[in-house]
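The values are calculated or read from the model by the stated rules, or taken from the named source; none is laboratory data. All values reported here derive from a predicted model rather than from experimental measurement. Note: ideal-geometry Cβ built from the backbone for every residue, glycine included; neighbour counts use all protein chains shown. Ligands, DNA and RNA are excluded from the accessible area calculation, which covers all protein heavy atoms including side chains. Shrake-Rupley method; radii C 1.70, N 1.55, O 1.52, S 1.80 Å.
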Amino acid sequence: MRILVSNDDGIFSPGIKALGLAMRALGEVYVVAPDVEQSAVGHGITVRRPLRFKHTASAGFGEIPAYRVDGTPADCVVLGVHLLGRPDLVVSGINIGVNLGLDLTHSGTVAAALEGTSLGIPSIAFSLDTSGEELNFAEAAAWAVRIARRVMEKGLPKGVLLNVNFPAGVPKGVMVTRLSTHHWEDTVVERLDPEGRPYYWIAGTPVGEEEEGTDLFAVRRGYISITPVSLDFTASDLLEEVAHWVREI
């Protein structure tokens, strides 16, 4: 098995190091990740400038080939697949912080898995809750191997990826979940530069309902959340209704 490992926290993140080293238990591993943090960049692809693809021994992966890219997580997957050969599995993470609910719309971690899925490769995104006293990447990586092994045994439907979130601390078990309403309630902070001109920071506070059966419900209670996510965004139940009122335009 050939496994492509990527992330959005950057190639020097402890999360991707733990994931990459752990995945050696399943086969041949190679790492392609951003050279700097690319959190919240979503599923962007760089098309207006060239990209650099550099081997990076200093990232600490030992004998695992590791490359850094001056682009987005999706760029990393595209270059990894085209320059190093098609993998059997794409894994992304382990992200520093959860990716729950509507976080998926801007998460670079999930975007790497989305890109792998769009290329027809089974893909998984892994994220870790950071609310604990310390980040236990080793525990999360061990579970990631178990989940990845089962995905390779059973496969995933075309156009479907797994979004996995680990709780802080030792997991109590696994829950298969749906997406919650978890999202960031944005605030905009205005400040002045030294010349008196305004500039802005977009910040926010995480909010969401802990409804039973959701990813947020599971993680908040100490369980690993596994959510199947489809690339098909179509609201199928509205097709007939929209077709009806479109005829009246």
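Annotations for the structure displayed:
- Among the residues making up the range 36-50, a single one is without any contact (Cβ under 8 Å) to a residue 60 or more places away in the chain and open to solvent by less than 50 Å² (accessible area, probe 1.4 Å): Thr46.
- Output for the range 17-45, where each listed residue is at pLDDT 95 or above, in contact with a helix residue (DSSP H, G or I) (Cβ under 7 Å, 6 or more places away or on another chain) and in a loop (DSSP other than H, G, I, E, B): Leu26
- Residue count for the range 202-240, restricted to those that are modelled with pLDDT of 90 or more, not in a loop (DSSP other than H, G, I, E, B) and not hydroxyl-bearing (Ser, Thr, Tyr): 14
- Filter result for the condition that a residue is modelled with pLDDT of 95 or more and on the phi > 0 side of the Ramachandran plot, over Gly169, Gly116, Gly159: Gly159
One line per residue, one yes/no per condition, for (1) touching a residue at least 40 places away in the same chain (Cβ under 8 Å); (2) open to solvent by 70 Å² or more (accessible area, probe 1.4 Å):
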site	(1), (2)
Lys154	no, yes
Lys158	no, yes
Asn165	yes, no
Thr181	yes, no
Val188	no, yes
Arg191	no, yes
Ile202	no, yes
Val207	no, no
Glu212	no, yes
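- Residue within the range 60-68 that is closer than 27 Å to Pro167 by Cβ and in contact with an Asp or Glu (Cβ under 6 Å, 6 or more places away or on another chain) present: no
- Checked against (1) touching a strand residue (DSSP E or B) at 6+ places or on another chain (Cβ under 6 Å); (2) closer than 19 Å to Gly159 by Cα, Leu128 meets all criteria but (2).
- Lone unmet requirement of (1) basic (Lys, Arg); (2) within 27 Å of Ala141 (Cα to Cα); (3) free of Cβ contacts under 8 Å to residues at least 12 places away in the same chain for Arg197: (2)
- Counting only residues that are open to solvent by 30 Å² or more (accessible area, probe 1.4 Å) and in contact with a Ser or Thr (Cβ under 7 Å, 6 or more places away or on another chain), the range 17-35 holds 0 of them.
- The residues in the range 88-109 that are over 12 Å from the mean Cα position of the chain (by Cα) and open to solvent by less than 10 Å² (accessible area, probe 1.4 Å) can be counted, and the count is 2.
- If you go through the range 1-16 and keep only what is in contact with a helix residue (DSSP H, G or I) (Cβ under 7 Å, 6 or more places away or on another chain) and either open to solvent by less than 10 Å² (accessible area, probe 1.4 Å) or closer than 21 Å to Val41 by Cβ (or both), you end up with Ile3, Leu4, Val5, Ser6, Asn7, Asp8, Asp9, Ile11, Phe12, Pro14, Gly15.
- Residue list for the range 134-148, restricted to those being touching a residue at least 24 places away in the same chain (Cβ under 8 Å) and more than 22 Å from Glu28 (Cα to Cα): Leu135, Asn136
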